[in-house]
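So that we are looking at the same thing, I have put the structure below in structure tokens.
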Amino acid sequence: MSKQNIVILGSTGSIGVNTLKVVERFKDKFRLIGISAAGTNIKLLKAQADRFKPRFVSVYDRKGAEELKRRTKKVKVFSGLDGVCRLACLKEVDTVVISIAGGIALLPLLEVIKANKKIALANKESLVVAGHIVTEQLRKNPKAQIIPIDSEQSAIFQCLKGYDHNMINCLYLTASGGPLVDYKKSQLKNVLPKEALSHPRWKMGRKITIDSATFMNKGLEVIEARWLFNMPLNKIKVIIHKEAIIHSLVEFLDGSILGQLGVTDMKLPIQYALSFPERWHSNGQLRLDLSKLKSLSFRQPDSKKFPCLELAYYAASKNNMLPCVLNAANEEAVHAFLDHRIIFTKIPYVIDKLLKKHKSLKDSSRLSDLLELDQETRMQARELIRKLAKK
Ligand code: MG
């Protein structure tokens, strides 16, 4: 079998690092063409370049790109967002792993679809912000294909294989609940970033871990699933499953429910996205010992304690612009919380205020309109956060 030529966008993040482990384990199946990163961790990026010897490295930050060029002469270095797109769209590339966090991944995603690549997608914000535009681009480029890496979407993707769309009754996205799920509502205002960052099940990047604590992560996944699986919002349900063993489920018309079980390790959905439609032999680490499972529990999320999930349903049900507002306000609020500028309970407050401000926006399928709205919302969110911080 010929090797897959692969590029990893966001190689120094948590998914990127795990993807490189998968690539290393299945050395005979991949040729790593390039890696890209924001440039906040040049030391790790240089170490990855030395170890995996890709021909190209792209660094979003131009200063970081210059630094990498000084440190190594062995690779060709691109920079900026156009550098990311250039790397991902190289002719010889078959598969692009998109594991950049945040809405910034949208442009590279659209370019990669236009270039008809196989995409292993870990970024959820791009689908949240512009699912209608991404779906339309996929329709125009039927050779491009998105295989989700997000564990819940991967589970649903696997459960749906072989079934017609009209046989589905609903999707169940499971939520581990994050580190604060059992806190009382009154305790949440005193939560420190350190507590919100200590996720009991998954080891992930900082932004997504806070999203997990607020339940916004599940809200973003509801919107993501809507576009990935062409499902109406009222057929996408969320259920808390603290053990995080069942990664999501599909209920069919006859009442049968299929779920995908596995260890809590992102290498498994990453490997599946890269091996699809095949399955490759995993080592012991990725095997689940059923005899050691004591119980599997399920319960409803508490929207009074964690309003972000309902804010996401609301935004997605209104029009195609509000999810962009939701995402931009959330990104700004999460960063402000991580920097100790606002308290935990102000994250949904900021998002709610911004959604209300923009609730009667007209739909647009122009990317430029969305990018403008994104910038405008971020500015408004920062202003609101400044006011809240003074109080
Ligand atoms: Mg997930």
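The values are calculated or read from the model by the stated rules, or taken from the named source; none is laboratory data. None of these values were measured; they are calculated from a predicted model. All Cβ positions, even for glycine, are placed from backbone atoms using ideal geometry, and neighbour counts span all protein chains on display.
Take the residues of the stretch 149-166 that are part of a helix (DSSP H, G or I) and more than 20 Å from Lys267 (Cα to Cα): which is nearest to the ligand (Cβ to nearest atom)? Write out each step before concluding.
Keep residues of the stretch 149-166 that are part of a helix (DSSP H, G or I), which gives 151-160, 165-166.
Remaining after also requiring more than 20 Å from Lys267 (Cα to Cα): 160, 165-166.
On the way: Leu160: 17, His165: 22, Asn166: 26 Å.
Only one residue tops the list, namely Leu160.
Taking the criterion of being touching a His at 6+ places or on another chain (Cβ under 7 Å), surrounded by 14 or more Cβ atoms within 10 Å (Cβ to Cβ) and over 26 Å from Pro232 (Cα atoms), would at least one residue in the stretch 256-268 satisfy it?
yes
So, of the residues in the stretch 1-19 that are buried (at least 21 other Cβ atoms within 10 Å of the Cβ) and hydrophobic (A, V, I, L, M, F, W, C), which turns out to be nearest to Pro148 (Cα to Cα)? It would help to see each step written out before you state the result.
To start, the set of residues in the stretch 1-19 that are buried (at least 21 other Cβ atoms within 10 Å of the Cβ) comprises 6-13, 15-16, 18-19.
Within this subset, residues satisfying the condition of being hydrophobic (A, V, I, L, M, F, W, C) are 6-9, 15.
On the way: Ile6: 16, Val7: 16, Ile8: 14, Leu9: 15, Ile15: 12 Å.
Only one residue fits best here, namely Ile15.
Is it the case that Ile168 is closer than 18 Å to Val22 by Cβ, out of contact with any Asp or Glu (no Cβ under 6 Å at 6 or more places or on another chain) and either modelled with pLDDT of 95 or more or crowded, with 19+ Cβ neighbours inside 10 Å (or both)?
On the way: closer than 18 Å to Val22 by Cβ: no; out of contact with any Asp or Glu (no Cβ under 6 Å at 6 or more places or on another chain): yes; either modelled with pLDDT of 95 or more or crowded, with 19+ Cβ neighbours inside 10 Å (or both): yes.
No: the conditions fail for Ile168.
Could I ask something else about it? Assuming Arg287 fulfils every condition listed in (1) surrounded by 12 or more Cβ atoms within 10 Å (Cβ to Cβ); (2) touching a residue at least 24 places away in the same chain (Cβ under 8 Å) apart from one, which condition is it?
Status for Arg287: all satisfied but (1).
Quick check on Leu373: is it outside the structural domain of Lys207 (by TED's automatic domain parsing) and in contact (Cβ under 8 Å) with a residue 60 or more places away in the chain? Before you say what the answer is, go through the steps one by one.
Details: outside the structural domain of Lys207 (by TED's automatic domain parsing): yes; in contact (Cβ under 8 Å) with a residue 60 or more places away in the chain: no.
No: the conditions fail for Leu373.
Can you confirm whether the stretch 180-194 contains a residue that is closer than 25 Å to Met266 by Cα and small (Gly, Ala, Ser)?
Taking the stretch 180-194 and keeping what is closer than 25 Å to Met266 by Cα, we get 180-182, 193-194.
Now restrict to residues that are small (Gly, Ala, Ser): none.
So far as the stretch 180-194 goes, no, none of its residues is closer than 25 Å to Met266 by Cα and small (Gly, Ala, Ser).
When you scan the stretch 1-96 for strands (runs of 3 or more DSSP E) that lie fully inside it, which ones turn up with 3 or more residues that are touching a residue at least 24 places away in the same chain (Cβ under 8 Å)? I'd like the intermediate steps shown before the answer.
Values: elements: 4-9, 30-37, 56-59, 76-79.
Filter on the stretch 1-96 gives 4-9, 30-37, 56-59.
Then there is this: When Asn123 is evaluated against the numbered criteria (1) in contact (Cβ under 8 Å) with a residue 12 or more places away in the chain; (2) under 14 Å from Ser11 (Cβ atoms); (3) outside any loop (DSSP other than H, G, I, E, B), which criterion, by number, is the only one it fails?
(3)
Another question about this same structure. Return a yes/no flag: does the stretch 298-320 have any residue that is without any contact (Cβ under 8 Å) to a residue 40 or more places away in the chain and either in contact with a Cys (Cβ under 6 Å, 6 or more places away or on another chain) or of a type in the set (A, V, I, L, M, F, W, C) (or both).
no
Residues to consider are Ser282, Ser365, Ser360; find the one that is at pLDDT below 95 and surrounded by 17 or more Cβ atoms within 10 Å (Cβ to Cβ).
Values: Ser365 fails: surrounded by 17 or more Cβ atoms within 10 Å (Cβ to Cβ); Ser360 fails: surrounded by 17 or more Cβ atoms within 10 Å (Cβ to Cβ).
Residue meeting the stated conditions: Ser282.
Further, regarding this structure: Looking at Asn217 and the list (1) assigned to a helix (DSSP H, G or I); (2) in contact with a strand residue (DSSP E or B) (Cβ under 9 Å, 6 or more places away or on another chain); (3) surrounded by fewer than 19 Cβ atoms within 10 Å (Cβ to Cβ), which single condition is not satisfied?
The one condition Asn217 does not meet is (3).
Considering every residue within the stretch 106-117, establish whether at least one is in a helix (DSSP H, G or I), modelled with pLDDT under 95, crowded, with 24+ Cβ neighbours inside 10 Å and at negative phi.
Yes, the stretch 106-117 contains at least one residue that is in a helix (DSSP H, G or I), modelled with pLDDT under 95, crowded, with 24+ Cβ neighbours inside 10 Å and at negative phi.
Can you find a residue in the stretch 323-335 that is outside any helix (DSSP H, G or I) and of a type outside the set (D, E, K, R)? Give the derivation first.
Of the residues in the stretch 323-335, the ones outside any helix (DSSP H, G or I) are none.
Checking the stretch 323-335: not a single residue is outside any helix (DSSP H, G or I) and of a type outside the set (D, E, K, R).
I'm told Ile342 meets every condition in (1) in contact with a Leu (Cβ under 6 Å, 6 or more places away or on another chain); (2) surrounded by fewer than 22 Cβ atoms within 10 Å (Cβ to Cβ) except one. Can you identify the failing condition by its number?
(2)
Checking the structure you have, find out if any residue of the stretch 181-194 is more than 15 Å from the chain's Cα centre (by Cα), within 13 Å of the ligand (Cβ to nearest atom), farther than 14 Å from Phe306 by Cβ and not basic (Lys, Arg). Outline the logic, then answer.
First, pick out the residues of the stretch 181-194 that are more than 15 Å from the chain's Cα centre (by Cα): 181-194.
Keeping just the survivors that are within 13 Å of the ligand (Cβ to nearest atom) gives none.
No, the stretch 181-194 has no match at all.
Taking Ala225, is it within 14 Å of the ligand (Cβ to nearest atom), closer than 30 Å to Pro277 by Cα, in contact (Cβ under 8 Å) with a residue 24 or more places away in the chain and under 15 Å from the mean Cα position of the chain (by Cα)? Walk me through it before giving the result.
On the way: within 14 Å of the ligand (Cβ to nearest atom): yes; closer than 30 Å to Pro277 by Cα: yes; in contact (Cβ under 8 Å) with a residue 24 or more places away in the chain: yes; under 15 Å from the mean Cα position of the chain (by Cα): yes.
Yes, satisfied.
Can you spot a residue in the stretch 209-221 that is of a type in the set (D, E, K, R) and more than 23 Å from Thr345 (Cβ to Cβ)?
no
Cβ contacts < 7 Å: first residue closer than 20 Å to Glu125 by Cα and without any contact (Cβ under 8 Å) to a residue 60 or more places away in the chain, restricted to the stretch 153-178; second residue within 13 Å of the ligand (Cβ to nearest atom) and assigned to a loop (DSSP other than H, G, I, E, B), any location; separation 6+ or different chain. Result?
Gly178/His199
With respect to Ile351, is the statement that it is in a helix (DSSP H, G or I) and modelled with pLDDT of 95 or more true?
Values: in a helix (DSSP H, G or I): yes; modelled with pLDDT of 95 or more: yes.
Judged against the criteria, Ile351 is a match.
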